[in-house]
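Reviewing the structure listed below.
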Amino acid sequence: MIIFGTKGYLYQLAILTLVCGHCGNPSAHALRKRVTKFTLFFVPLFPFSTKYQTQCTFCGAEQKVTKEQAEQLQHGGAGGQANTQQQSYRP
Ligand SMILES: [Zn+2]
């Protein structure tokens, strides 16, 4: 008899101050990584699903983000103020 299943892991990667897309408040957001692993006889073997999300601590709204977005958020946020590249777009 083979017993297999899945096990979920939740990692908190960072706390970020973002403007919430749900409530509009500039509040703390938890950046989390959710990994689902395949288990065999209750031993986790390999991850087959990795998802990233942010959760607003003000209203609790969760938002899915891509791996790229999650990495960008962890490394210096979305601003990049010290960047000297010129961007010429105007509203
Ligand atoms: Zn919110």
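What the table shows:
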read-out	value
Cross-chain or 6+ apart pairs with Cβ under 9 Å, segment 4-19 first and under 9 Å from LEU31 (Cβ atoms) and open to solvent by 90 Å² or more (accessible area, probe 1.4 Å), then part of a strand (DSSP E or B) and not small (Gly, Ala, Ser)	GLN12/LEU31; GLN12/ARG32; GLN12/LYS33; ILE15/HIS29; ILE15/LEU31
Residue check, LEU45 part of a strand (DSSP E or B) and open to solvent by less than 50 Å² (accessible area, probe 1.4 Å)	no
Some residue of segment 58-66 being among the hydroxyl-bearing types (Ser, Thr, Tyr), modelled with pLDDT of 95 or more and open to solvent by less than 60 Å² (accessible area, probe 1.4 Å)	no
Pair list, Cβ under 6 Å, 6 or more apart: segment 31-55 residue within 10 Å of TYR11 (Cα to Cα), other residue surrounded by 15 or more Cβ atoms within 10 Å (Cβ to Cβ) and polar (S, T, N, Q)	LEU31/THR54; ARG32/GLN53
Residue list for segment 1-16, filter: of a type in the set (S, T, N, Q) and over 13 Å from the mean Cα position of the chain (by Cα)	THR6
Filter pass, HIS22 being open to solvent by less than 90 Å² (accessible area, probe 1.4 Å) and not charged (D, E, K, R)	no
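The values are calculated or read from the model by the stated rules, or taken from the named source; none is laboratory data. As the structure is a computational prediction, the values presented were derived from the model and not from experiment. Counting neighbours? That spans all protein chains shown, and the Cβs are built from the backbone with ideal geometry, glycine included. Ligands, DNA and RNA are stripped out before the accessible areas are found, and what is left, the full protein with its side chains, is counted by its heavy atoms. Shrake-Rupley method; radii C 1.70, N 1.55, O 1.52, S 1.80 Å.
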